[in-house]
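Read the structure below first, then the notes.
The values are calculated or read from the model by the stated rules, or taken from the named source; none is laboratory data. Since we're looking at a predicted model, the values are computed, not measured. Every residue, glycine among them, receives a Cβ derived from its backbone with ideal geometry; neighbour counts consider all protein chains shown.
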Amino acid sequence: MTNYILGLDGGGTKTLALLADENGNILARGLGGPSNYNAVGFEAACVAIESAITQALSFASPSAENIRFSAPPSVDPIRASASPSIISLCLGLAGAGRPNDRPRFQAWAAGRFPGAKIQVVSDAEILLAAGAPTGPALALICGTGSIVYGRKQNGELLRAGGWGYLFGDEGSGFALGAAALRAVMRAHDGRGPATLLTDLVLQRQGLTDPQGLVKSIYGAESPRAEIASLSDLVEQAARQNDPEALALLNEAARELAEMTQAVYRKLGNLPVPLALTGGVILNSARLAAQFHQACQTLGLCFSAIQPVPEPALGAVLLAKAMRD
C-alpha cells in the first residue's frame with residue numbers, strides 16, 4: 001500500500017494543498033477558494049479545503065487518484081486496504097489561531113480521513129515551520145489580511161494583529177485597497193489631492209467615473225476580496241512617484257512594523273529570524289523596503305529574514321513530523 005502525507009495552507013484568498021510521499025517529497029498541488037471561516041463561514045471553508053485536496057489528489061500519480069475522502073460502506077474492505085491512503089495531514093488555517101476554533105475542523109478531517117493522524121494549526125504556525133523551524137522566531141503574514149506571530153523558546157505562541165478587516169488587518173491588502181478607494185473618492189469630492197490612483201482604479205473596474213465605484217465595489221460577490229485586489233495599484237502608482245500612493249505604502253509599512261515590534265518585545269528584544277509571507281509583502285518591493293526601514297527605525301534587529309512563498313511546505317513538515 002502506498003501512503004501519503006498532506007499539508008494545507010488555507011487563507012483569506014485561496015487554499016493550497018500539497019500532497020507528498022512519506023519522505024516529504026511534493027507530488028502534487030491543489031487549489032481551492034478562501035477558507036478563513038471567520039470571513040466565509042465554516043461550511044464554505046470546508047468546501048474550499050476539500051476542493052484543494054481533491055485537486056491535489058487528481059494531479060498526483062494514477063494510484064493516488066484512487067484515494068477517496070472516506071470509503072462508502074459498499075467498498076470491499078480487502079480491496080480498500082490495498083488502496084493508497086493519506087496517513088497524516090496538517091491543516092494550517094487562517095482564522096484558526098485560537099484553540100476553540102479548531103475542534104470542528106479536526107472532526108471534519110477525521111471524518112474524511114479515518115485513521116489518519118490530523119493536526120489543525122494556524123496559518124502562522126506553518127509559516128514558522130517553513131521559515132524558522134526551531135527556537136524563538138517571528139512570522140509576518142501580509143496578504144488579504146495581516147498578522148504577526150512569535151514563538152518563544154518553549155514553543156509558546158504570541159500574536160499581534162489579525163483581528164479582521166473591520167477593526168484590524170492594518171497594512172494588509174484590504175487596508176491598502178480601502179485606503180486607495182478613499183483617496184480616489186476624496187480627490188473626486190475635492191477634499192483631497194488628485195492622484196494617479198483614480199485612473200488606475202477606474203481602469204481596473206472598467207469605469208469612467210468614480211461614482212460608479214459604489215455599485216462596483218458594494219455590489220461585488222465578495223467586496224472584501226474585491227477591495228484587497230486593488231492593493232497592487234498602490235504599488236503601481238508609487239512607482240510613478242504619486243504622493244498619495246507613497247504615503248499609503250509608508251503608513252502600511254509603519255503599521256506592519258509596529259505590529260512586529262509588539263511581538264518582538266515579548267520575545268525579549270533579541271535578534272530573531274523573521275519569516276515573511278503573503279502576496280502583498282512578497283510582491284510589493286517598495287512596501288517590503290519601507291517595512292524593513294520602519295523596523296530599523298524602531299530598533300528591531302533580525303538574525304535572518306526568510307521570504308516563504310509557499311507556507312504549505314511547513315504544513316507538510318508538521319504532517320511528516322507526526323509520523324516520524
Completion exercise
The condition of being out of contact with any strand residue (DSSP E or B) (no Cβ under 9 Å at 6 or more places or on another chain), aliphatic (A, V, I, L, M) and assigned by TED's automatic domain parsing to the domain that holds ALA183 holds, among LEU300, LEU207, LEU256, only for LEU207
Problem - Checking LEU313 against (1) in a helix (DSSP H, G or I); (2) surrounded by fewer than 16 Cβ atoms within 10 Å (Cβ to Cβ), the condition it does not meet - result: (2)
Fill in the blank from the handout: Picking from GLY41, GLY30, GLY7, GLY95, the residue that is at pLDDT below 90 and either among the β-branched types (Val, Ile, Thr) or under 20 Å from THR277 (Cα atoms) (or both) would be GLY95
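Quick grid of which residues meet (1) among the small types (Gly, Ala, Ser); (2) within 16 Å of the chain's Cα centre (by Cα); (3) in a loop (DSSP other than H, G, I, E, B):
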site: TRP163; (1), (2), (3): no, yes, yes
site: GLY168; (1), (2), (3): yes, yes, yes
site: GLY177; (1), (2), (3): yes, no, no
site: ALA180; (1), (2), (3): yes, no, no
site: MET185; (1), (2), (3): no, no, no
site: HIS188; (1), (2), (3): no, no, no
Exercise for the section: Of all residues in the stretch 144-160, count the ones that are out of contact with any Gly (no Cβ under 6 Å at 6 or more places or on another chain), among the small types (Gly, Ala, Ser) and in contact (Cβ under 8 Å) with a residue 24 or more places away in the chain. Expected result: 2
Completion exercise
Filter the stretch 230-249 for residues that are in a helix (DSSP H, G or I) and within 22 Å of the chain's Cα centre (by Cα); the one that is surrounded by the most Cβ atoms within 10 Å (Cβ to Cβ) is VAL234
Problem - Unmet requirement for VAL120, which otherwise passes all of (1) in the same structural domain as SER303 (by TED's automatic domain parsing); (2) under 20 Å from the mean Cα position of the chain (by Cα) - result: (1)
Exercise for the section: Please work out which one of (1) out of contact with any strand residue (DSSP E or B) (no Cβ under 9 Å at 6 or more places or on another chain); (2) under 18 Å from VAL280 (Cα atoms); (3) among the aromatic types (Phe, Trp, Tyr) is the condition PHE167 fails and give its number. Expected result: (2)
Completion exercise
Within the stretch 299-310, residues being surrounded by 15 or more Cβ atoms within 10 Å (Cβ to Cβ) and either farther than 22 Å from LEU176 by Cα or at pLDDT 95 or above (or both) number 5
